[in-house]
Amino acid sequence: MYTKLFISYRSKMKSLLTLCIILTTGSGALLAQTSNNMRLWYKQPAAKWTEALPIGNGRVGAMIFGNPADELLQLNESSFWSGGPARTNVNLNGPAALAATRRALLPNEDYAEANKQVKGLQGLYTQSYMPLADLRLKQELGSGTYENYTRDLTIDKSIATVSFTVDGITYKREMIASFPAKAIIIHLTASKPGKISFKAALSSQVRYTAAANGSDGLLLKAKAPSQVDPNYIGYNKEPIKYDDSTNCRGMRAAVQVKAITKGGKTSTDNDGLNVTNADEVTLFICAATSFNGFDQCPVSNGKDELSLCNNMMQTASRGAWSALLAAHTADYARFFNRVKFNLGGSDTPGDKLPTNERLLAFSTGSKDPGFETLFYQYGRYLLISASRPGGPAANLQGIWNKELRAPWSSNYTININTQMNYWPAAISNLEEMEYPLFDFIRDLSVTGKVTAKQYYNMRGWVAHHNSDIWAASNAVGDIGRGDPLWANWYMAAPWLSRHLFEHYRFTQDKQFLKNAYPIMKGAAEFLSDFLVTDKNGYLVTAPSFSPENDYYDDKGKKANTSIATTMDMSIIRDHFRNCIEAAKALNTDPQFVKMLEDKMAKLYPLHIGKKGNLQEWYKDWEDVDPHHRHVSHLYGLHPGREITPLLTPEFANAARKTLELRGDAGTGWSLAWKINFWARLLDGNHAYKLVRDLMRDLSVSKGGGLYPNLFDAHPPFQIDGNFGATSGMTEMLLQSHLDELHLLPALPDAWATGNVKGLKARGAFTVDMDWKDGKLQSATITSAKGSKCVVRTTEPITVKGINVKSVKSAQGDYLTTFATKAGGIYVVNAK
Ligand code: FUC
């Protein structure tokens with residue numbers, strides 16, 4: 001998967017792997033550390049998929065139902081998608097459609113006509129992320145009546161356990177998705193010898209064959225559809241198609257299962273794999289696909305999934321369970337343990353209640369800070385489990401999907417959702433988990449260059465609101481059948497590129513920036529070609545959208561195609577600024593910088609509307625839906641850095657007004673975004689209200705909320721809300737987007753006392769903090785690269801061993817500046 005582009009993180013991964021091996025040998029200590037609070041647990045098997053528990057190693061994932069006599073592991077492999085490499089040349093009418101759209105918009109502002117013409121810029125829909133297979137274990141359990149049932153997921157070790165007693169015998173299944181072993185492993189035990197007997201069988205919803213593989217295993221061969229229509233498209237008779245020819249559409253996949261037993265015996269027949277009277281069983285599950293890169297034919301030039309899967313199985317199944325578990329835990333804990341977050345105090349009802357009941361109690365008002373920190377860490381668990389270097393980026397459902405036509409194709413929705421997946425990565429000390437996103441951006445910049453040329457006849461690269469593993473970059477909509485409201489938005493390239501620049505800001509890794517810069521520049525080239533001058537001399541975008549909202553135009557008509565929406569202009573300002581800073585850091589491209597600076601000065605500015613809100617559109621039009629889930633015009637507040645109460649108080653007040661008018665309600669990810677917004681407005685109590693709103697059982701919440709397995713509900717399940725919440729909660733504790741370490745910027749009253757360890761700040765700093773009664777007590781700042789450190793606090797501070805002066809800022813809090821050394825550790829205390 002890697003190309004030469006991001007060499008610097010490849011070499012980092014090598015040292016990381018070495019470290020994992022070292023840790024593996026000494027992992028006993030790690031195993032002893034599980035905190036009681038770091039688990040989800042239940043008293044009954046999952047009746048629904050959203051009650052099942054997710055495990056994953058970034059590539060293979062499973063949803064575990066935990067039924068004693070009929071266990072189900074619903075399996076996924078992250079590269080298993082329908083279709084094949086993105087099609088080009090499907091619509092060569094783009095440049096003409098763009099010209100017609102622009103004629104309608106400028107200077108006549110005929111928005112209805114523009115809405116019609118802009119459809120001419122659409123191409124095909126993206127492909128869909130596929131479910132892979134189901135593994136069922138029908139276990140023989142004497143009388144069958146079970147008691148003492150529990151199932152849990154321990155998120156600081158990444159292990160799921162099911163245990164129960166039947167006829168006085170205690171049975172246990174421990175399950176892991178191991179990154180080092182490249183396998184899902186189930187370890188079955190019983191409290192009496194010879195009592196483990198079950199039949200294992202594999203099946204799939206896609207085309208497949210399943211057969212015995214020797215006397216101790218199974219092999220499933222699957223084929224993905226050549227085409228899957230999005231679930232919101234109903235006009236095709238055959239929404240799921242297969243192609244058995246050698247066309248490059250429809251990858252292959254293989255799944256192997258193998259049992260290693262102590263005692264008893266194994267056999268296979270037409271119905272599956274039989275294990276009889278074993279004392280202990282280790283069951284291995286490996287999977288591979290023929291996916292060979294976004295631009296490679298997965299059929300004739302596909303990877304050899306059968307031998308890949310077989311090799312993985314050979315290696316994994318050589319290991320003993322205890323060693324496999326230790327290696328897995330060490331590998332996982334290496335990432336997970338970097339951040340600790342405690343809110344102290346009483347954690348009633350805490351872990352004593354099963355998670356579904358705990359969620360209900362919390363939804364109706366219980367104070368349970370331990371539940372908040374569990375949910376925070378669950379976001380980190382999910383990111384480590386769904387996104388590992390070398391694999392694809394986490395999609396709308398991470399890697400967990402049970403449906404052939406999943407909601408919104410379980411694809412990459414890049415008008416917020418995919419980006420939100422990665423908001424917690426850098427700040428919550430999981431920078432490596434973002435590498436798959438960087439690979440994806442690189443791929444998208446390749447297809448996006450073709451799209452920029454074919455559809456717009458412009459330089460650089462462009463990407464629209466949807467993509468897939470094939471890095472589709474065109475506007476979707478089936479060449480004119482989609483609604484421009486969502487289909488035609490084209491600002492994903494600069495939005496995604498900000499992740500590249502932010503990675504540099506966090507790590508100060510110049511080599512990474514050097515590799516990323518051409519991609520950032522390509523996105524800026526497209527924008528600079530795209531900008532046109534309006535009648536007042538401003539540089540504007542036309543057409544322009546504000547995902548996925550519409551407005552009433554001057555004639556009172558509903559429209560969505562606009563000119564210079566606030567989101568467009570905010571993204572462009574943000575991206576040009578990032579490019580300028582990147583070029584300066586690399587000491588390169590002075591002419592390009594000059595061109596960007598010139599254009600920056602002429603961009604259509606932010607406006608405050610008649611209601612005191614930040615204007616969303618070119619003019620102060622009314623929204624069709626004033627409570628719309630997208631709050632795109634606040635891009636400059638978050639994830640951008642243009643609007644802040646500290647430096648642009650007027651716009652910050654307008655942003656606040658916008659949020660008040662929009663209201664707090666929303667889909668899961670919308671609530672999550674609002675946590676981040678309120679944190680950036682430095683209003684901890686309002687941010688906390690949104691945390692509580694998001695952490696509600698669906699039976700209590702009216703919009704977004706949580707399922708019993710704490711997956712975020714749009715509804716339906718969409719994982720971005722989990723990640724966006726972890727990001728927002730981090731932003732409440734530490735912000736650094738203004739190149740200063742703002743400690744406890746939005747601490748809510750409910751989090752009056754606590755501590756956090758291991759958060760990351762721009763400038764390559766790691767920050768630990770302790771606070772009491774709402775006030776910072778002490779902090780430890782570790783500097784990796786020796787950057788200048790500016791600390792913002794509400795009270796003056798001292799820095800041990802350094803003579804510093806806390807200067808009262810214009811905003812009334814204190815700024816303390818000091819030089820750091822690479823590797824230096826600085827202890828800060830409140831005066
Ligand atoms: C965007 C959002 C929807 C949903 C979808 C996957 O289109 O507007 O709410 O999250 O992505």
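Observations on the model:
- Using a simple spin-label model with pseudo-atoms 7 Å out from Cα toward Cβ, Ala810 and Ser191 lie 7.0 nm apart.
- Between Arg102 and Asn301, the FRET efficiency estimated from the beta carbon spacing at R0 = 41 angstrom works out to 0.50.
- Extended-chain gain in nm, criterion 0.36 nm per residue less alpha-carbon gap, Lys788 and Glu660: 42.4 nm
- Per atom type, the stretch 665-759 shows carbon and sulfur on 53% of its accessible surface, probed at 1.4 Å.
- Each residue of the stretch 622-633 was assigned a 3J(HN,Hα) from its phi angle through the Karplus curve 6.51 cos²θ - 1.76 cosθ + 1.60 (θ = phi - 60°); the sequence is 7, 6, 5, 10, x, 9, 4, 5, 6, 10, 4, 5 Hz, with glycine and proline shown as x.
- For the stretch 257-400, carbon and sulfur atoms together expose 48% of the accessible surface, with a 1.4 angstrom probe and every protein chain in place.
- For the listed peptides 257-264, 423-430, 521-528, a ranking on the average number of other beta carbons within 10 Å per residue, highest first, reads 423-430, 521-528, 257-264.
- Summary of packing: across the peptides 71-79, 602-610, the per-residue average of other C-beta atoms within 10 Å ranks them, highest first, as 71-79, 602-610.
- Computed over the stretch 237-331: relative contact order in percent, which uses C-alpha pairs under 8 Å that are six or more apart: 29
- Within the shell defined by Cβ-Cβ distances under 10 Å, the residues around His187 carry a net charge of 0, with Lys and Arg each +1 and Asp and Glu each -1.
- Once both labels are positioned 7 Å from their Cα atoms along Cα-to-Cβ, the gap between Asp554 and Tyr235 label points is 3.2 nm.
- Cut-off 10 Å between beta-carbons: net charge of the residues surrounding Ser128, Lys and Arg +1, Asp and Glu -1: -2
- Rolling a 1.4 angstrom probe over the protein heavy atoms with all chains in place gives the chain an accessible area of 34 Å² per residue.
- Rounded to 10°, Cα long-axis angle of helix 668-680 versus longest principal axis of the chain: 50
- Relative contact order of the chain, pairs being alpha-carbon contacts under 8 Å that are 6 or more residues apart, as %: 12
- Summary value for the stretch 604-653: 25 percent relative contact order, contacts being C-alpha pairs under 8 angstrom separated by 6+ residues.
- Here the simple spin-label model places points 7 Å from the Cα toward Cβ, and for Lys535 and Ala69 these points are separated by 7.7 nm.
- Length gained when the stretch Lys262-Arg692 is fully extended (0.36 nm per residue, less Cα-Cα span): 150.0 nm
- Percent of C-alpha pairs per 20 Å bin in the chain, short distances first: 16, 49, 31, 5, 0.
- On Cα atoms only, tilt of 7-25 relative to the major axis of the chain in degrees: 30
- Stretch gain in nm, segment Met595-Thr276, where the contour uses 0.36 nm per residue and the Cα spacing is subtracted: 107.5 nm
- Surface composition of the stretch 159-211: carbon and sulfur make up 52 percent of the accessible area, probe 1.4 Å.
- Couplings 3J(HN,Hα) of the stretch 253-261, computed from phi: 9, 10, 10, 10, 10, 9, 10, 10, 10 Hz, in residue order, whole Hz [Karplus 6.51 cos²θ - 1.76 cosθ + 1.60, θ = phi - 60°; x for Gly and Pro].
- Within straight-line reach of Lys805, meaning a Cα separation under 17 Å, sit the following lysines at least 8 residues removed in sequence or on another chain: Lys788, Lys831.
- Applying the Karplus relation 6.51 cos²θ - 1.76 cosθ + 1.60 with θ = phi - 60° to the stretch 187-202 yields 3J(HN,Hα) values of 10, 10, 9, 9, 6, 10, x, x, 9, 9, 9, 7, 10, 10, 9, 10 Hz, where x marks Gly and Pro.
- Helix 321-336 axis, angle to the chain major axis (alpha carbon atoms, nearest 10°): 10
- Local net charge near Ile608, Cβ-Cβ under 12 Å (Lys/Arg +1, Asp/Glu -1): +1
The values are calculated or read from the model by the stated rules, or taken from the named source; none is laboratory data. What you see is a predicted model, and the numbers here were worked out from it, not measured in a lab. Quick reminder, even Gly has a Cβ in these numbers, built from the backbone with ideal geometry, and neighbours come from all protein chains shown. Protein only, heavy atoms only, side chains kept; ligands, DNA and RNA dropped before computing areas. Shrake-Rupley method; radii C 1.70, N 1.55, O 1.52, S 1.80 Å.
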